[in-house]
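Chemist: Input: one structure, supplied below.
The values are calculated or read from the model by the stated rules, or taken from the named source; none is laboratory data. These numbers were taken from a predicted model, which means no experiment stands behind them. Backbone-built Cβ (ideal geometry, glycine too); neighbour counts: all protein chains shown. Note: areas computed on protein heavy atoms with side chains; ligands, DNA, RNA excluded. Shrake-Rupley method; radii C 1.70, N 1.55, O 1.52, S 1.80 Å.
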Amino acid sequence: MSKAFKHNVIAVVYDFDGTLTPQPMQEYTILPEIGIRDGKMFWKQVNEESTRTNGEAIVAYMRLMLEKSKSRHFPVTAERLKELAKNIKYFPGVQTYFGRINNYVKKQFGQDIELRHYVISAGLKEIISGTVIAKYLYKVFASEYYYDEYGAATFPNVIVNDTLKTQFIFRINKGKENLSENINLHMPVPLRPVPFQNIMYIGDGLTDVPCMTVIRKNGGYAIAVYKSHNSPGKKTCKELLKAERVNFIAKADYKSGTELDRLIKLLLGNMVEGIRYEKESFTQSQKYRL
């Protein structure tokens, strides 16, 4: 048994599109560059293509973007995607939220608690890496392209869909965050660096249900956010709350003093108290050699 208590990490995991931003990231970045002004029409085409080919929708959107980019003679490179991230619009308060919540945890709970922010998204990792919030993210798990010797995107290299998202929850839980690491090998719960009860998930809808379910069933927490009080997303969030898929729901307003801000801090406080309890229990076991 370890002689040092190591379960002091809190992981807050975010979906991206619809959770931190009102629209999918592609609609702010690459789609306008290749002449697509109506995002809804593009996603409709993606769904039709997925149905026609009986294929994965994430692969379909990544392939269609490359095909349309080629027809417009627009080079898709990691550098260009990262640069386009400057056009992304966020929900209120997002750009200041991460620094503010980090300071809150440090001031409220001291240096003993380590707060990590993760993003798990079906969107493109290349775009997320160029956002203004990227510097606050401990790790990003998202879809990626493979790039040829000239730096041009050629085909999907990593895809992240609804159910594959749960893989990354277990990677966080087990500390196996590189895709080359095997997460299927048994790891005793006491040895897992980020216990599920130290994980909070924030998402906006049905695509987040697998992650919410895994985390909640294992003692963690989840919040569902919606765009506005009259948006269809609010109904979805209410259904998730009724089905006990989430602990709370709130409008996606990350400014200080909002309902979402209050709920995040409430759950953070709850997790910190759990950590303190576990640390005291661990100390007693060491002291009395239980």
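Chemist: Taking a cut-off of 14 Å between Cα atoms, list the aspartates and glutamates near LYS106, but don't count ones fewer than 8 places away on the same chain.
Modeler: Qualifying aspartates and glutamates at Cα under 14 Å: GLU114.
Chemist: Would you work out what percent of the accessible area of the chain, with all protein chains in place, is carbon or sulfur (probe 1.4 Å)?
Modeler: The C+S portion of the solvent-accessible surface of the chain is 51 percent.
Chemist: Can I ask one more? In degrees between 0 and 90, to the nearest 10, how far off the longest principal axis of the chain does helix 232-242 point, with axes built from Cα atoms?
Modeler: The answer is roughly 30 degrees.
Chemist: Label-point separation (nm) for LEU206 and PHE5, each offset 7 Å from Cα along Cα-to-Cβ?
Modeler: Each label point is offset 7 Å from its Cα along the Cβ direction, giving 4.3 nm.
Chemist: Let me ask something additional. Hey, what do the phi angles of the range 61-72 turn into as Karplus ³J(HN,Hα) couplings, whole Hz, using 6.51/-1.76/1.60 and θ = phi - 60°, x for Gly and Pro?
Modeler: Karplus values, whole Hz, x for Gly and Pro: 5, 5, 5, 4, 5, 5, 5, 5, 5, 5, 5, 9.
Chemist: Using alpha carbons only, how many degrees (0 to 90, rounded to 10) separate the axis of helix 94-109 from the longest principal axis of the chain?
Modeler: 10
Chemist: Here's something else I'd like to know. Using the alpha-carbon atoms, what tilt in degrees (0 to 90, nearest 10) does helix 165-174 show relative to the longest principal axis of the chain?
Modeler: With both axes taken from Cα atoms, the answer is about 30 degrees.
Chemist: Right, here's the next one. Suppose we keep just the DSSP beta bridges with both residues in the range 76-187; what percent of those would be antiparallel, to 5?
Modeler: 50
Chemist: Quick check on the range 198-278: take the gyration tensor over C-alpha atoms, sort the square-rooted eigenvalues as a ≥ b ≥ c, and tell me if it's rounded (a/c under 1.5), prolate or oblate. It would help to have the intermediate numbers written out before the result.
Modeler: On the way: a/c = 2.72, a/b = 1.34, b/c = 2.03.
Verdict is oblate for the range 198-278.
Chemist: Hey, can you grab everything whose amide H is under 5 Å from the amide H of GLY130? Only 5+ residues off in sequence or another chain; H modelled, so Pro and N-termini drop out.
Modeler: For GLY130, whose amide H was placed from the backbone, there are no distant partners under 5 Å.
Chemist: Separate question: Can you say what percent of the DSSP beta bridges in the chain, counting only those with both residues inside, are antiparallel? Round to 5.
Modeler: 15
Chemist: I would also like to ask the following. Could you tell me which of the pairs LYS89/LYS255; LYS125/LYS165; LYS217/LYS265; LYS3/LYS279; LYS6/LYS135; LYS44/LYS125 are separated by over 18 angstrom between their Cα atoms in the structure shown?
Modeler: From LYS89/LYS255; LYS125/LYS165; LYS217/LYS265; LYS3/LYS279; LYS6/LYS135; LYS44/LYS125, over 18 Å: LYS217/LYS265; LYS6/LYS135; LYS44/LYS125.
Chemist: Tell me, in nm to one decimal, what length is gained between LYS107 and LEU241 on full extension, where the rule is 0.36 nm per residue of separation less the Cα-Cα distance?
Modeler: 45.1 nm
Chemist: Can you tell me the accessible area per residue over the chain, all protein chains present, probe 1.4 angstrom, in square angstrom?
Modeler: With all protein chains present, the chain gives 51 Å² per residue.
Chemist: Right, here's the next one. Relative contact order for the chain using alpha-carbon pairs under 8 Å, separation at least 6, rounded to a whole percent? Can you show the working numbers first?
Modeler: On the way: 454 pairs, mean separation 62.5, N = 290.
Over the chain, the number comes to 22 percent.
Chemist: Indicate the gyration tensor shape class of the range 155-290 (rounded, prolate or oblate), computed on the Cα atoms with a ≥ b ≥ c the square roots of the eigenvalues: a/c under 1.5 is rounded; otherwise a/b larger than b/c is prolate and the rest oblate.
Modeler: Numbers: a/c = 2.51, a/b = 1.31, b/c = 1.91.
Judged from the Cα gyration tensor, the range 155-290 comes out oblate (a/c at least 1.5, b/c at or above a/b).
Chemist: List the residues whose amide H sits under 5 Å from the amide H of SER121, counting only those 5 or more places along or on another chain, with H placed 1.01 Å from N in the peptide plane.
Modeler: Close amide H contacts, sequence-distant or interchain: PHE141, ALA142, SER143.
Chemist: Could you work out the relative contact order of the range 180-239? I mean the mean sequence separation of Cα pairs under 8 Å and 6+ apart, divided by the number of residues, in percent.
Modeler: Working: 58 pairs, mean separation 18.1, N = 60.
About 30 percent, as a whole number.
Chemist: Then there is this: Quick one: what are the phi-derived ³J(HN,Hα) couplings along the range 183-193, Karplus 6.51/-1.76/1.60 with θ = phi - 60°, whole Hz, x for glycine and proline?
Modeler: 9, 7, 5, 5, 10, x, 3, x, 8, 6, x
Chemist: Say each of SER71 and ASN87 gets a label point 7 Å from the Cα, pointing the same way as Cα to Cβ; how far apart are those two points in nm?
Modeler: 1.8
Chemist: A further question on this structure: List the relative contact order of the range 1-109 as a percent without decimals, with contacts defined as Cα pairs under 8 Å and 6+ residues apart. List each step's numbers first, then the result.
Modeler: Values: 56 pairs, mean separation 35.7, N = 109.
Taking the mean separation of contacting Cα pairs over the length of the range 1-109, I get 33 percent.
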